[in-house]
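Below: the structure, in structure tokens.
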Amino acid sequence: MRLTDHLAASRGLYLRALASMPDIMLIDVPACFAGPTLPLGRYYPILLETAAEQAELEAFLDAPREQLVLPDLLDRRPSGSVSECVVIARYPPVLPGWPWVLLCQWPASYTVLAPPGSDLFARGTYTIEVLASRGDLIRMENRLRATLTGHHLRHISDGASDIGHA
């Protein structure tokens, strides 16, 4: 069996809005594998910093295997990207009915505060939220910005106005 035929049959590639941020492969996990530990109970995000990583992931998903495995080959790989400030990036849905993604890249001055061995930061530098609507994304982003008041932030918007209907 191949993961592309089962676990990862439904997936979308969220493209980076800025060259220094990763693309995100979001897998819509089938109901029989979904659960409360996944974002929105059913999505599995994979951060792709390079075209080589994307090719590596596609080969992994397409490889024949005896049993299903998690596509976690990149989850703990150290990031090749560094930031001096907190970067907050919006990724709009790639398909109708798919979620929004809020990705934050954290500088080392924040990530070193996490307990050693913890899984608080994907690839050692990112946090990711998968949200059902743009309104949910804006509310989450506003809470994050309020928490980080006085800190140096860089915001990558989706290009739409935040005023009016979300």
Fill in: the stretch 30-49 - residue that is under 15 Å from the mean Cα position of the chain (by Cα) and farther than 13 Å from residue 99 by Cβ and, of those, modelled with the lowest pLDDT
37
Worksheet item: Could you say which residue among 5, 72 is more than 29 Å from residue 142 (Cα to Cα) and touching a Phe, Trp or Tyr at 6+ places or on another chain (Cβ under 9 Å)?
Response: 72
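Conditions tested, residue by residue: (1) touching a helix residue (DSSP H, G or I) at 6+ places or on another chain (Cβ under 9 Å); (2) open to solvent by less than 20 Å² (accessible area, probe 1.4 Å); (3) of a type in the set (Val, Ile, Thr).
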position	(1), (2), (3)
77	yes, no, no
97	no, no, no
100	yes, no, no
103	no, yes, no
113	no, no, no
118	no, no, no
121	yes, no, no
130	yes, yes, yes
133	no, no, no
Worksheet item: Counting only residues that are aliphatic (A, V, I, L, M) and part of a loop (DSSP other than H, G, I, E, B), which one in the stretch 59-75 is least open to solvent (accessible area, probe 1.4 Å)?
Response: 74
Discussion item. Can you tell me which of (1) open to solvent by 50 Å² or more (accessible area, probe 1.4 Å); (2) in a strand (DSSP E or B) is the one residue 84 doesn't meet?
Written reply: (2)
Discussion item. Quick test of your reading of the structure: residue 56 fulfils all but one of (1) surrounded by fewer than 19 Cβ atoms within 10 Å (Cβ to Cβ); (2) modelled with pLDDT of 95 or more; (3) touching a Leu at 6+ places or on another chain (Cβ under 8 Å); (4) closer than 30 Å to residue 144 by Cα. Name the failing condition by number.
Written reply: (4)
Worksheet item: Is it fair to say residue 138 is open to solvent by less than 30 Å² (accessible area, probe 1.4 Å), at pLDDT 90 or above and over 13 Å from the mean Cα position of the chain (by Cα)?
Response: yes
Response to the item:
Considering the stretch 1-48, residues that are assigned to a strand (DSSP E or B) and either in contact with a His (Cβ under 9 Å, 6 or more places away or on another chain) or among the hydroxyl-bearing types (Ser, Thr, Tyr) (or both), and then whichever is surrounded by the most Cβ atoms within 10 Å (Cβ to Cβ), we arrive at 14
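The values are calculated or read from the model by the stated rules, or taken from the named source; none is laboratory data. On a predicted model such as this, the values are computed, not experimentally measured, just so you know. Glycine also receives a Cβ, built like all others from the backbone with ideal geometry; neighbour counts cover every protein chain displayed. Ligands, DNA and RNA are excluded from the accessible area calculation, which covers all protein heavy atoms including side chains. Shrake-Rupley method; radii C 1.70, N 1.55, O 1.52, S 1.80 Å.
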